[in-house]
Amino acid sequence: MIALLGCALGAGLVLAAAPWLWPASRRRAAADQRAGALTTRAIALLESAGYAHVAPRVLGSAMTACALVAAAAAWLVTAAGPLAAASAVAAAGAPVVWLRSRAARLVRVRRAMWPDVCDLLVGSVRAGLSLPDAVAVLGESAPSAVRPAFAQFDRDLRASGHFTSSLERLKQQLADPMADRIIETLRMAREVGGTELVPVLRSLSVSIRSDAALRGEVESKQSWTKGAAILGVVAPWAVLVVMSLRPEGAQAYASASGITLILVGAVVSLVAYRIMLRVGRLPEPRRWFA
């Protein structure tokens, strides 16, 4: 009892001295910094998934809506509070997981298209088109997955007449490491000049094509790792949901021991899933020119 009173007294003294120990401006600055970091990560995720025009608050609203719907559904089916809370936490991350999977799929699709884009640029330059016109014409001749981005570049270039700023917006919309390399090559050729643009684009096309072929072969051989990770995470929770459909099962998981079991299982599942993904993941090229 004396130790408890001492702890309460110490906590009260710390709270009383908090305005002087941690000024509000410092706390506000730290909170703004954390919020800015989360916003930056959300913007980068939306850009990589092809939703550069979507505001980060839309992603937050989607996460909240998914969490509420999943919690309500779990509560109606099982009437177990811990399972409803776990469902809400898992569903809140569903939009992020979907955006990451979409971004990875776009990277795989675009990886096979960038050599064709380089070949089209080489053909346009050799045909006598200027560099801005060679890029703008890709809005009609580029592969369908990247054609809207180049069409937007054409509209930006016609509206502003500034090649560099239009390239920056194109880079932001594509949000791809290979696209960054091509765009920076075009920018350098525009600013410095020279006659080596065609050989550089051809070498870049050969390099991207060989890298895409090698990466595709490795990814096809390691795809079982991700499948095993998903199966290992989903299977125990599917069994848990089936057991919770019975009243005695829902009552057992609503007890203190059941809550502890669910929390420990969630942590173990998350850690095991992350380890499996880390083992089977290939290092993605970073956007050094972003």
Among the residues of region 102-117, what is the count of those that are modelled with pLDDT under 80 and either among the polar types (S, T, N, Q) or not in a helix (DSSP H, G or I) (or both)?
1
Can you name the residue in region 223-254 that is over 17 Å from A71 (Cα atoms) and of a type in the set (S, T, Y) and, of all such residues, is most open to solvent (accessible area, probe 1.4 Å)?
S223
Consider E191 against the criteria (1) surrounded by fewer than 13 Cβ atoms within 10 Å (Cβ to Cβ); (2) under 22 Å from the mean Cα position of the chain (by Cα): it satisfies all of them except one. Which criterion is unmet?
(2)
Give me the residue from region 53-80 that is farther than 19 Å from Q172 by Cα and not in a helix (DSSP H, G or I) and, out of that set, most open to solvent (accessible area, probe 1.4 Å).
A79
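Here are some residues: R202, R181, R215. Which one is over 14 Å from D116 (Cβ atoms) and open to solvent by 70 Å² or more (accessible area, probe 1.4 Å)?
Working: R202 fails: over 14 Å from D116 (Cβ atoms); R215 fails: open to solvent by 70 Å² or more (accessible area, probe 1.4 Å).
Checking each option against the conditions leaves just R181.
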Criterion: of a type outside the set (G, A, S) and not in a helix (DSSP H, G or I) - qualifying residue of L120, L83, L99, L129:
L129
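Every residue in region 132-158 that is open to solvent by 20 Å² or more (accessible area, probe 1.4 Å) and outside any loop (DSSP other than H, G, I, E, B), please.
Taking region 132-158 as the starting set, the residues that turn out to be open to solvent by 20 Å² or more (accessible area, probe 1.4 Å) are 133, 137, 140-141, 143-145, 147-148, 151-152, 154-158.
If the condition is that a residue be open to solvent by 20 Å² or more (accessible area, probe 1.4 Å) and outside any loop (DSSP other than H, G, I, E, B), then D133, E140, S141, R147, P148, A151, Q152, D154, R155, D156, L157, R158 are the ones that fit.
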Testing K221 on (1) at pLDDT 80 or above; (2) out of contact with any helix residue (DSSP H, G or I) (no Cβ under 9 Å at 6 or more places or on another chain); (3) among the basic types (K, R), one condition comes back false. Which one is that?
(1)
Name the residue that is nearest to R110 (Cα to Cα), counting only residues in region 154-186 that are of a type in the set (D, E, K, R) and touching a residue at least 24 places away in the same chain (Cβ under 8 Å).
D176
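The values are calculated or read from the model by the stated rules, or taken from the named source; none is laboratory data. All values reported here derive from a predicted model rather than from experimental measurement. Cβ atoms come from the backbone with ideal geometry, glycine included; neighbour counts cover every protein chain shown. Heads up: the accessible areas ignore ligands, DNA and RNA and are worked out on the full protein's heavy atoms, side chains in. Shrake-Rupley method; radii C 1.70, N 1.55, O 1.52, S 1.80 Å.
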